[in-house]
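Heads up: the structure comes next, in structure tokens.
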Amino acid sequence: MEERRVAFITGGTTGIGRECSLTLAKEGFDIAINCMKEPEEYTELKSEVEANGVRCFFTKGDVSNFDDAERMVNEVIGYYGRIDVLLNNAGITRDTLLMRMKKEDFESVINVNLVGTFNMTKHVVPYMMKKRYGRIISMASVVGVGGNAGQANYAASKAGIIGFTKSLAKELGSRNILVNAIAPGYIKTAMTDVLPDKVKESIKEQIPLRELGEAKDVANLVKFLSSEDSSYITGQVIHVDGGMLM
Ligand SMILES: NC(=O)c1ccc[n+]([C@@H]2O[C@H](COP(=O)([O-])OP(=O)(O)OC[C@H]3O[C@@H](n4cnc5c(N)ncnc54)[C@H](O)[C@@H]3O)[C@@H](O)[C@H]2O)c1
């Protein structure tokens, strides 16, 4: 019997990450999920994943911590023996204008979003190189391409992910490791639920498709980038934004 491929999803218990965990489980991947609480807290998600006839493993840790990242990768390798797809999805916002932005607001967002992406990728890539196979997909944002007032920290972290992605695509292409980024626009999750209705309405007016996106819209692209159908695509930043930024 052919071994199942393994997808490792950071921040995979909520929002876009949760949807990606379930979508890849449906595609037949064994799933490893990085979480921030004890794995026992996620029994419902575990059952939902396993209902697809695949396995589900949780590893708790902070992606912004280099040692945590190494331990989590080792745990997943110890459990499954392989990682075929790494989805760098964990991310935070600390929105405010530069005038009010504290050093900590800037540093924490860079540390989780950008340094976290480096930490996880750094520890997964050696295993992918050995196998001469891998897919690294990182969650950027349209804000990392177009900028956004009140999000200098977040936009810098996401623009950093884009530069990181393109550089790694060049470094790792010859090893058959594909590296791509996804730039979602506004997607309905806890991250955007906090926006006042008035703001949401004005955002919709800037979107040709006139709606916020669903987590599923992003998960469908993750599914494609994890599949053999995308085997000639690397170093790209693909927008899922209803046409908001062209
Ligand atoms: N929702 C949107 O409109 C939108 C738009 C563009 C990009 N994104 C990006 O998509 C990704 C997922 O966001 P979401 O909307 O699902 O929000 P979310 O808040 O539901 O998900 C973020 C996840 O990251 C985890 N996380 C936070 N800090 C972490 C840390 N230090 N270590 C490990 N995990 C950590 C959280 O526990 C959570 O599960 C993020 O990278 C976000 O920046 C979201």
Residue-by-residue Karplus 3J(HN,Hα) for the range 54-71, coefficients 6.51, -1.76, 1.60, Hz, glycine and proline x: 10, 9, 9, 10, 10, 9, 8, x, 9, 5, 6, 9, 4, 5, 4, 4, 4, 4
Three-way shape label, the range 102-160, alpha-carbon gyration tensor, a/c 1.5: oblate
Inverse mean reciprocal Cα-Cα distance (Kirkwood Rh) of the range 6-240, Å: 17.9 Å
Rg/Rh (Cα only; Kirkwood hydrodynamic radius) as it applies to the range 44-178: 1.02
Selected from G81, G61, G160 as most flexible by GNM, with the chain as the system and alpha-carbon contacts under 10 Å: G81
Label-point separation in nm, K170 to N148, each point 7 Å along Cα→Cβ: 2.9 nm
Nearest-0.05 FRET efficiency for L245 and N220, computed from C-beta distance (R0 30 Å): 0.95
Euclidean distance of C-alpha centroids, the range 147-223 and the range 81-104, integer Å: 11 Å
Simple Cβ-charge dipole of the chain, Lys/Arg +1 and Asp/Glu -1, about Cα centre, in debye nearest 20: 660 debye
The chain, helix-only ellipticity at 222 nm - DSSP H runs n ≥ 4, -39,500 (n - 2.57), divided by all residues, nearest 500: -13000 deg cm²/dmol
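Rule-based calculations on the coordinates, nothing more; no lab input. The model shown is predicted, which means the values in this text are computed figures rather than measured ones. Every residue, glycine as well, gets a Cβ built from its backbone with ideal geometry; the counts of neighbours run over all protein chains shown.
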